[in-house]
Amino acid sequence: MCTVIVHLSDIHYRRNWDENHGVVFRAFFKDLRKQVDLLGSTDVYLVLSGDLVKAGSDSESYNEFLSKFDSELIPLGIPKSHRICVPGNHDVSTKQIEDKKVDHEGVIAQGLDETDFNNYADNPSDVFKSKHNAYSAFESSFAEYITLKHSFTGSG
């Protein structure tokens, strides 16, 4: 038995942009089907690292991405348990940051070291948690292993 990892990054998906994404995704899934067929009984994992969508506040882009990818990945034998996602800077909702700008900028301006920042970020009243809401909703539907499950700073 062989394990294959397919890695995609910086997709910058936009809803209703099929004339741009469609050509690339159709070619990608056609090639992926061919590779899965050639490899036979192989565990294929998909890793999506950063910038899945163009705008992190656009939950409809995540929903459309989920629908398109799920409908292709499941028949290929790549279930939720074989998908890993990591958010990027475009997966952050700039709207949420703008709505909490004073608090957000106040924390950033302190120049906290990594330990102090992570301790603050794990605080239930944290101003940073909501900026990944759309991404988190997508990730929990798309992948079994959730990177932002317990903290927006990530999890193992």
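Points worth noting:
- Projecting label points 7 angstrom from Cα along Cα→Cβ for N133 and T42 puts them 4.1 nm apart.
- Taken along the Cα-to-beta-carbon direction at a fixed 7 Å, the label points for K34 and D113 span 5.3 nm.
- Residues S67 and D103, FRET efficiency given R0 of 35 Å [Cβ-Cβ distance, rounded to 0.05]: 0.50
- From helices alone, the chain scores -14000 deg cm²/dmol at 222 nm; the rule is -39500 (n - 2.57) for each run of n ≥ 4 DSSP H residues, then divide by the residue total.
- Accessible-area composition of the stretch 1-116, carbon plus sulfur, in percent [1.4 Å probe]: 52
- Paramagnetic label zone (point 7 Å from Cα along Cα-to-C-beta, S49; backbone N under 17 Å) in the stretch 1-25: 4-12
- Geometric descriptor of the stretch 71-125, per residue, is 147 Å³ (volume of the convex hull of the Cα atoms).
- The chain - accessible surface per residue (Å², probe 1.4 Å): 57
- Peptide ranges 90-102, 45-57 listed from the most packed, as the mean C-beta count within 10 angstrom indicates: 45-57, 90-102
The values are calculated or read from the model by the stated rules, or taken from the named source; none is laboratory data. Keep in mind it's a predicted model, so treat the numbers as computed, not measured. Counting neighbours? That spans all protein chains shown, and the Cβs are built from the backbone with ideal geometry, glycine included. Heavy atoms of the whole protein, side chains included, go into the accessibility calculation; ligands, DNA and RNA do not. Shrake-Rupley method; radii C 1.70, N 1.55, O 1.52, S 1.80 Å.
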